[in-house]
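Input: a single structure, listed below in structure tokens.
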């Protein structure tokens, strides 16, 4: 199997906020329709080099190796690879860390070994996008995303709407260092044991996406956008409450969110299973002003942290670099590309 033994590949990918499922009932044959936003401020970045054995360093390196070994077996590749995880999105925080790590590893290996596969194919090989397609779409192109849910023949839920997130808008992230979102078996159990999602509710939430969220993004109307997000958050949060202990996973984050709602901030909620919360603002000034207010107001919740981030309209970026050896026998990298292109030119494609 041909591989680029004198090169390595680095991929950096942003996190995403999952704003909620729009249709969990699937009355029309498509289940798990959802909306999300790609964000800067949290990222996974790693470098993969061909090697005779499997080895890895950095945060979540063992998980990265698991993905690599799985792909080597499925793609019948010889040897191994060396993975250096430079940084990782916080795990089980509601920011999509697992999918982004898997797609980073898979895209690097596909590039180095000239595997003809797109991002959706990598996601399918590694079992990502089983419910929501937001993470895969965030990796491919970023922005504000709505996926079409899972039908009977769906590989990964397709992107049915994608728009650039307004550059001036900011998102205030609320982190709880003492809690983790639902994941693994408890997450699967929640989906299998919760009651059927109301078809009337699914119709109502679909209208929020089409009549508020997407027009709000396109017309730069944060009030309209935010009210749509709030409606989804409240109804989906209440639906999942039996599994996560309330409308929001973290009681501390819930306290802050209720405070924001009382302040009439429209677009607030929890990303995925949490515990990470969020609030949307139309400017950097407004977001940082609220950050300082929350820091002052919630000193009794020291486990909380706050961060202002922007939307990301690019998605993952791949860099192919030559490996050169100096006079002392030490390898050095000479970067030759840093693009958003397909596996032949650097673009991460769907």
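Just so you know, all these numbers are worked out from the coordinates, no wet-lab data involved. Nothing here was measured: the structure is a model prediction, and the numbers come from that model. Quick reminder, even Gly has a Cβ in these numbers, built from the backbone with ideal geometry, and neighbours come from all protein chains shown.
For the chain, the relative contact order comes to 23 percent (Cα pairs under 8 Å, sequence separation of at least 6).
Computed from Cα positions, the angle between helix 222-244 and the longest principal axis of the chain comes to roughly 80 degrees. Give the calculated FRET efficiency between residue 6 and residue 40 to the nearest 0.05, with a Förster radius of 56 Å applied to their Cβ-Cβ distance. The formula returns an efficiency of 0.95 here. Expressed to the nearest 5 percent, the antiparallel share of DSSP beta bridges inside region 7-335 is 95 percent. Descending by average beta-carbon neighbour count within 10 Å, the peptides 270-277, 104-111, 313-320, 39-46 line up as 270-277, 104-111, 39-46, 313-320, the highest first. In this rough spin-label picture, where each label sits 7 Å from Cα along the Cβ direction, the residue 116-residue 168 distance is 4.8 nm. Computed from Cα atoms, the angle from the helix 61-74 axis to the main principal axis of the chain rounds to 70 degrees.
If R0 equals 45 Å, the separation of the Cβ atoms of residue 218 and residue 91 corresponds to a calculated FRET efficiency of about 0.85. Look at (i) 19.9; (ii) 24.2; (iii) 18.3: the one that is mean projected area of the Cα convex hull in nm² derived from this structure is (iii). Peptide packing: for 130-138, 30-38, the average count of neighbouring Cβ atoms within 10 Å per residue gives the ranking 130-138, 30-38, highest mean first. Between residue 251 and residue 263, full extension at 0.36 nm per residue minus the direct alpha carbon distance yields a gain of 2.5 nm. Extension gain for residue 178-residue 285 works out to 35.7 nm (0.36 nm per residue, less the C-alpha to C-alpha distance).
You can think of it this way: the chain between residue 300 and residue 52 has 84.1 nm of extra reach, that is 0.36 nm per residue less the Cα-Cα gap. Taking R0 as 35 Å, what FRET efficiency do you get between residue 69 and residue 28 from their Cβ-Cβ distance, rounded to the nearest 0.05? The pair residue 69/residue 28 has a calculated efficiency of 0.35. Put simply, when 14-20, 92-98 are sorted by average Cβ atoms within 10 angstrom per residue, most first, you get 14-20, 92-98. With axes computed from alpha carbons, what is the tilt in degrees of helix 251-262 against the longest principal axis of the chain, rounded to the nearest 10 within 0 to 90? Here the helix axis deviates by roughly 60 degrees.
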